[in-house]
Amino acid sequence: MSEIPSHETHLRNAERNAPQDPVRCAVMTVSDTRTPDTDLGGPLIVSLLEKAKCEIVDRQIVPDEASAIGSRLDQWISNPDIHVILTTGGTGISRRDITVDIVRARLSVELPGFGELFRLLSYEQVKASAMLSRAVAGLVIRPLAEGGETFIFTLPGSINAVETAMTDLIVPQLAHLIWERRK
């Protein structure tokens, strides 16, 4: 009888013990130029989350301005009905790419593996240009009095990058992440 690898056992336990309630998400597109008609990344994130049986609590397009991004993040972080925030846009190295800095300032725990794996997968597609992405993910832990936690993932604005991050990294692990924090 062959033994099941430990990572497969771990994932099976996570699936079996995953929360029965849907993972509730908020999606932010960060852009000065995108509109509801021209935004491709936000709707793709929403579509992939809905296919994974997640619930979309809110979706916004926010300009590349620190106060606008920070204000929306803080509203969502303080909402106990939002488990995960996903952003698209503002992860590069241009002067207007500030999303990562604003998100990182709010994180209690960073998940460095997300950015590392994302850049590795991106390298397979866009070669050395992958190093320009500062994509980051982590967890915001609210004070005990407020309770709750919120995962945040920042994704580039490229539709290909969004699809890679969502299908290869985020969607397969969302229920597991929530389970890990609740066990």
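The values are calculated or read from the model by the stated rules, or taken from the named source; none is laboratory data. Predicted, not measured: the structure shown is a model, and the values here were computed from it. We place every Cβ from the backbone using ideal geometry, glycine too, and count neighbours over all the protein chains shown. These area figures cover heavy atoms from the full protein model, side chains too; ligands, DNA and RNA do not enter into them. Shrake-Rupley method; radii C 1.70, N 1.55, O 1.52, S 1.80 Å.
Net length available on complete extension from Ser67 to Arg182 is 38.2 nm, with 0.36 nm assigned per residue and the Cα-Cα distance removed. Charge tally for Asp32 (other residues, Cβ to Cβ under 14 Å; Lys, Arg +1; Asp, Glu -1): -1. Under 19 Å from a label point 7 Å along Cα→Cβ of Leu144: give me every residue in segment 100-117 with its amide N that close. Zone members listed by number: 108-109.
Close amide H pairs (under 5 Å, H built 1.01 Å from N) link Arg59 with Val27, residues at least 5 positions away or on another chain. For segment 91-163, taking the reciprocal of the average inverse distance between every pair of different Cα atoms yields a Kirkwood hydrodynamic radius of 13.0 Å. Surface composition of the chain: carbon and sulfur atoms hold 53% of the protein heavy-atom accessible area at a 1.4 Å probe.
When both bridge partners sit in the chain, DSSP labels roughly 30% of those beta bridges antiparallel. From the coordinates of this entry, Cα extents along the principal axes in Å is computed, and it appears in (1) 45, 37, 34; (2) 40, 37, 31; (3) 56, 45, 29 under the label (3). Within straight-line reach of Lys127, meaning a Cα separation under 20 Å, sit the following aspartates and glutamates at least 8 residues removed in sequence or on another chain: Glu116, Glu163, Asp168. To the nearest ten degrees, helix 41-51 and the longest principal axis of the Cα atoms of the chain are 20 degrees apart. Not counting the cut sites, what is the longest span of the chain without GluC sites (Glu not before Pro) that DSSP labels loop and that have at most 12 other Cβ atoms within 10 Å? No qualifying site falls inside 4-145, the longest such stretch.
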